Amino acid sequence: MSLMGCQHCRTSFFPLFLIFLALLMSSCASMKTRTTQYTESVPLAREGQYEAAALIIENAKDDYYGEKDRVLYYLDLGMLYHWSGEYAMSNEMLTKAEIAIEELFTRSISQGLSSAVLNDNALDYAGEAYEDIYLNVFKALNYIGLGDIEAALVEIRRVHIKLNILEDRYKEVIEDYNSSTGSEGILEYHRNRFYNSAFARYISVLLYRSQGDWDDARIDRELIAEAWETQRQLYSFPMPELPQAKAVDETNALVNIISFSGLGPTKHADTIYGDSGENVIFLTMEGQNKDDAMRNLGFTFLLVPDVKPGLHFKVQFPRLVSRGSEVDRIVVKFDGTAVADLARLESLDAIARETFLIKQPLTVGKTIIRAASKNLAKELGKDAMHQELEDKGAALAITGFLAGLALDVFVDASENADLRISQFFPSDVWAAEFLVLPGAYHVEIEYWRGRELMFVADHGLRIITADGPNLVESYLLR
């Protein structure tokens with residue numbers, strides 16, 4: 001791929017330059033991530049007003065979610081419907097998101113042409129890898145709430161399938177991109193270190209156990225323990241007590257509590273500067289956090305065949321920022337008596353960051369190459385314009401100078417990071433299992449921050465049976 005090969009066209013560049021300027025000016029609306037819909041809906045969700053938050057998202061569809069943002073709309077609503085207990089509606093939205101993600105992933109390479117002119121905000125949002133994985137987990141929980149165990153198992157199996165092919169999918173995309181640029185090896189892929197979800201396995205143990213499928217329950221129980229052995233960077237906290245994978249005495253009943261706290265990560269923009277050398281672009285950043293930001297980026301330079309020295313430009317990349325959870329202890333009470341403390345089972349926040357890195361080389365490479373091409377075209381256009389206008393008099397030369405300054409502003413403004421991400425996935429998963437006598441119990445779950453009792457989730461009277469599954473799901477998105 002040559003970024004410098006059009007210099008012989010210099011004298012005929014002015015008309016193309018004007019088209020390029022008009023395109024940039026007319027495309028401002030699609031070049032930035034829109035987040036106004038979250039100003040009120042996120043605080044409402046944190047306070048447990050899920051229906052009100054969902055209503056805001058529904059009303060924002062026409063103004064803040066375009067066709068290119070449909071995956072984001074389906075994910076936002078799907079999760080809010082889940083928290084509202086509208087399980088069928090949640091599954092409808094999450095299924096639409098899943099179908100669109102699959103469709104858009106296969107089109108991501110063909111859309112590279114439009115992103116080369118504008119930026120990734122102009123493209124269809126195809127979801128983050130962790131969103132695609134966990135939407136199936138929440139669909140499984142929806143089906144459990146609807147009493148459909150078989151459908152829930154199908155969703156959990158889809159989680160395992162997606163994890164098995166996650167690295168290969170992005171490796172293939174990066175190889176396709178390298179091939180499309182004519183520069184094999186220009187981008188390298190990041191090895192995936194998340195291939196076994198303890199949370200998904202935990203749910204499958206409960207599902208298999210409820211069907212008397214003890215062998216599969218035992219296998220998945222062992223795989224939960226394996227997650228702590230082989231993925232320590234993601235499971236850095238103590239392993240909770242694992243669910244049983246054998247029958248218990250008929251006079252007792254197993255109860256499982258799964259709870260969620262906090263909200264998943266959001267995205268912020270890091271501004272990076274590119275300077276071209278011979279066949280290479282060097283990346284630098286200013287500010288006190290520059291070393292951490294560059295490490296997160298994973299790149300300090302990128303080999304770009306045929307690029308020449310002299311380009312200097314600004315680019316932006318998205319960075320995941322944890323919102324985390326204020327909760328540090330969760331207590332379960334039956335009939336007013338504490339029966340269990342929940343233990344952390346999974347950090348969706350950590351997994352979101354890990355899977356985000358798999359796509360990072362493609363995001364960085366496309367952005368740098370796009371910005372370099374855009375800035376080269378800008379400089380050639382400015383040179384051609386200045387030359388043509390200078391020949392026609394000083395007044396037009398001044399006009400050309402001002403137009404060049406305007407173009408510098410528009411090109412810089414066009415390089416905005418794509419900050420789209422669903423706002424309503426949780427940060428942490430907690431779980432506990434314990435034995436009680438079958439019967440009716442008043443269930444309360446307390447959420448603590450240090451010595452402060454933040455919230456009591458009252459789940460009312462629950463009937464606990466010997467054959468289960470006796471699953472209570474609770475959440476506080478703070």
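Read-outs throughout are calculated quantities, based only on the coordinates presented, and are distinct from any laboratory measurement. Fair warning: this is a prediction, and the values are worked out from it, not measured in the lab. Reconstructed Cβ throughout: ideal geometry from the backbone, glycine too, with neighbour counts over all protein chains shown.
Subtracting the Cα-Cα distance of Asp341 and Asp168 from their residue separation scaled by 0.36 nm leaves 58.4 nm. How charged is the neighbourhood of Ala343? Take every other residue with its Cβ under 14 Å from the Cβ of Ala343, and add Lys/Arg as +1 and Asp/Glu as -1. Cβ neighbours under 14 Å give a net charge of -4.
Counting only other residues whose beta carbon sits under 9 Å from that of Ser259, what net charge do I get with K and R as +1, D and E as -1?
With Lys, Arg at +1 and Asp, Glu at -1, the neighbours total -2.
Structure shown: which of Lys32/Lys139; Lys267/Lys290; Lys139/Lys359; Lys96/Lys139 lie over 19 Å apart, alpha-carbon to alpha-carbon?
Details: Lys32/Lys139 31 Å; Lys267/Lys290 17 Å; Lys139/Lys359 25 Å; Lys96/Lys139 12 Å.
Checking Cα-Cα distances, Lys32/Lys139; Lys139/Lys359 exceed 19 Å.
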